[in-house]
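**Q** The structure's right below; bear with me while I get my questions together.
Every number here is computed from the coordinates shown, using simple stated rules; none is lab data. Remember, it's a predicted structure, so these values are computed and weren't measured experimentally. A quick note on method: Cβ atoms are made from the backbone with ideal geometry, for glycine too, and the neighbour counts reach across all protein chains shown.
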Amino acid sequence: MNVAQLQQEIRDYAMAIGIDKIGFTTAAPFREMKNRLRRQQELGFQSGFEEKDIEKRTNPALLLDEAESILSIAVAYPSKMENPPKGTKSERRGIFCRASWGVDYHTVLREKLSLLEDYIKERVPQAHCRSMVDTGELVDRAVAERAGIGWSAKNCSIITPEFGSYVYLGEMITNIPFAPDRPMEDECGDCTLCLDACPTGALIQGGQLNAQRCIAFLTQTKQSVPEEFRAKIGNRVYGCDTCQTICPKNKRKFNLHQNAFQPEPELVKPLLKPMLTLSNRQFKETYGHMSGSWRGKNPIQRNAIIALAHFKDESAVPDLIGLMEKDPRPMIRGTAAWALGQIGNSEGLEAVQRALPNEENEEVCSEMRKAIETV
């Protein structure tokens, strides 16, 4: 087997199936990342969505016997939408972050990695491979950085010269000893725009994120959003792009070439009020193909309520009263009561006062009392 020739053939095939960048690195442990993950764990900065076993996250040999190399892939996604719909005073809209535009990237990248695996095994029948995208054990960014896909930026993204940080990452561990690519030099320099722009101060310092404060995390959590962050969420119903849109390296990086990720404008900038009453089935039928649907409808509906409060949308008051009075979910009732307090019109506040004596959940009662006190 001519490994160098195979490596070039894999590069060519990757481009042919729509992978935008591919890099190779060794399967050696990620020692520096191991120390960083331990520190994040100690500080309580993790989101809780990650693999908890730090050894598995940093030692590829624990994930594949005789691991020799890792292939890292990047697929670009668009940062720009053609003809985005505009909200009006009575028809306000939310926004899904760019990483939830089009088809769920987990599906797209897994398909491409599966094609790569088949391609490799046709040429090397004794090859062993293990692929993962985002939800796997390895830290995608650490692999991509070492494989020369881009540099690990201050906003905790991988930035590529070609596509900026608007790239999805995946990797494949294999027992074939490919030659490693050279890591890229950090090009962030003295720039701190992403740190300065982060709405909640979640970027503690360059390359360090407190996920518990990150809006992208907060929009996905299934609990009530802490009050200090609600105003910061604005009209985001899923995710946050601030630290990417502010980045000079992303200027004029539109990445419109991947058909799978073309946004459906009415879905990625949805009308807020219709979202409040979607059934589970309607939510899955409408949004189920998007990565932003993975936590189900509850967080999205809670975020839509917060967005309506952000706009002080008085036309939403009857909908919010209905949720506060009748919805079986305490998180939704409590957030609706809070939103009525933020909007502050007499109809909503009177409804909160009427509902308070009948509410049995103490957290919801607390939200109701605070709503009444805001007057």
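**Q** Running a GNM on the chain with Cα contacts under 10 Å, which residue among Phe261, Phe24, Phe49 ends up with the highest mean-square fluctuation?
**A** Largest GNM mean-square fluctuation: Phe49.
**Q** So, one more: Can you show me the helix-derived [θ] at 222 nm for the chain, built from DSSP H runs with n ≥ 4 at -39,500 (n - 2.57) apiece and divided by the number of residues, rounded to the nearest 500. Walk me through the numbers on the way to the answer.
**A** Numbers: 17 runs with 154 residues, N = 375.
When only DSSP H runs of four or more count, the value is -11500 deg cm²/dmol.
**Q** Another question, if that's okay. Pull out a ≥ b ≥ c, the square roots of the eigenvalues of the alpha-carbon gyration tensor of the range 25-87, then state rounded if a/c is under 1.5, prolate if not and a/b is larger than b/c, and oblate in the remaining case.
**A** Because a/c hits 1.5 or more and a/b fails to exceed b/c, the range 25-87 counts as oblate.
**Q** Right, something else. Among Trp101, Trp294, Trp151, whose mean-square fluctuation peaks in a Gaussian network model of the chain (Cα, cutoff 10 Å)?
**A** Among Trp101, Trp294, Trp151, the largest mean-square fluctuation in the Gaussian network model of the chain belongs to Trp294.
**Q** With an 8 Å Cα cut-off and a minimum separation of 6 or more residues, compute the relative contact order for the chain in percent.
**A** 19
**Q** Scale the Cα Rg of the range 1-138 by the rule-of-thumb value 2.2 N^0.38 Å and send over the ratio, two decimals. Intermediate results must be reported in sequence, preceding the final value.
**A** Details: Rg = 19.2 Å, N = 138, 2.2 N^0.38 = 14.3 Å.
Computed over Cα atoms of the range 1-138, the ratio equals 1.34.
**Q** Quick check for me: using +1 on Lys/Arg Cβ and -1 on Asp/Glu Cβ, what's the dipole size of the range 1-115 about its Cα centre, in debye to the nearest 20?
**A** 820
**Q** Just name one of Ile22, Val268, Ala231: the one whose Cα is farthest towards the positive end of the charge dipole of the chain (beta-carbon charges, Lys/Arg +1, Asp/Glu -1).
**A** Farthest towards the positive pole: Ala231.
**Q** Cross-link partners among aspartates and glutamates for Lys112, C-alpha distance below 17 Å, same-chain residues fewer than 8 apart left out?
**A** The qualifying aspartates and glutamates are Glu9, Asp12, Asp20, Asp104, Glu122, Asp134, Asp140, Glu171.
**Q** A further question on this structure: Where a ≥ b ≥ c are the square roots of the eigenvalues of the C-alpha gyration tensor, would you call the range 84-187 rounded, which needs a/c under 1.5, or, failing that, prolate if a/b is larger than b/c, or oblate?
**A** oblate
**Q** By how many nm would the segment from Lys284 to Asn345 lengthen if fully extended, with 0.36 nm per residue of separation less the alpha-carbon distance?
**A** Taking 0.36 nm per residue and subtracting the Cα distance, the gain is 18.6 nm.
**Q** Normalized C-alpha radius of gyration of the range 224-299, against 2.2 N^0.38 Å?
**A** Compactness ratio reported: 1.30.
**Q** Turning to a different aspect of this structure: What residues have an amide H closer than 5 Å to that of Cys156, excluding those fewer than 5 places away on the same chain, when H is modeled at 1.01 Å from N in the peptide plane?
**A** Result for Cys156 returns Gly207.
**Q** Treating cross-link reach as a plain straight distance, find the aspartates and glutamates whose alpha-carbon is under 13 Å from the alpha-carbon of Lys297, omitting any fewer than eight places away in the same chain.
**A** Within the straight-line cut-off, Lys297 pairs with Glu285.
**Q** Additional query: Given Cα pairs under 8 Å that are at least 6 residues apart, what percent is the relative contact order of the range 170-291? Before the final figure, lay out the partial values.
**A** On the way: 67 pairs, mean separation 22.0, N = 122.
Taking the mean separation of contacting Cα pairs over the length of the range 170-291, I get 18 percent.
**Q** Any idea what the dipole of the range 99-238 comes to, in debye rounded to 20, about its Cα centre with Lys/Arg Cβ at +1 and Asp/Glu Cβ at -1?
**A** That gives the range 99-238 a dipole magnitude of about 380 debye.
**Q** Got the relative contact order for the range 77-219 handy, in percent, Cα pairs under 8 Å and 6 or more residues apart?
**A** The normalised contact order for the range 77-219 reaches 21 percent.
**Q** For the range 344-365 and the range 1-36, compute the distance between their C-alpha centroids and round to whole Å.
**A** 57
**Q** Within straight cross-link reach of Lys370, meaning Cα distance under 23 Å, which lysines are found once same-chain residues fewer than 8 apart are removed?
**A** Leaving aside lysines fewer than 8 places away in the same chain, those within reach of Lys370 are Lys222, Lys232, Lys312, Lys326.
**Q** I'd like the Karplus ³J(HN,Hα) series for the range 344-359: coefficients 6.51, -1.76, 1.60, θ = phi - 60°, whole numbers in Hz, and an x wherever there's a Gly or Pro.
**A** x, 8, 5, 4, x, 5, 5, 5, 4, 4, 5, 7, 4, x, 9, 7
**Q** Output the Kirkwood hydrodynamic radius of the chain, Cα pairs only, in Å rounded to one decimal.
**A** It is 22.3 Å.
**Q** Hull surface divided by four, with the convex hull built on the Cα atoms of the range 258-375: how many nm²?
**A** That works out to 7.5 nm².
**Q** Ranked by Cβ crowding within 10 angstrom, fewest neighbours first, how are Val364, Val124 ordered?
**A** Working: Val364 24, Val124 16.
The order, fewest Cβ neighbours first, is Val124, Val364.
**Q** Then there's this: For the range 198-343, what are the per-bin percents of Cα-Cα distances with bins 5 Å wide, up to the bin holding the maximum?
**A** It works out to 2, 9, 18, 20, 20, 15, 9, 5, 2, 0, in whole percents.
**Q** Calculate the length of the line joining the C-alpha centroid of the range 216-240 to that of the range 288-306, in whole Å.
**A** 11
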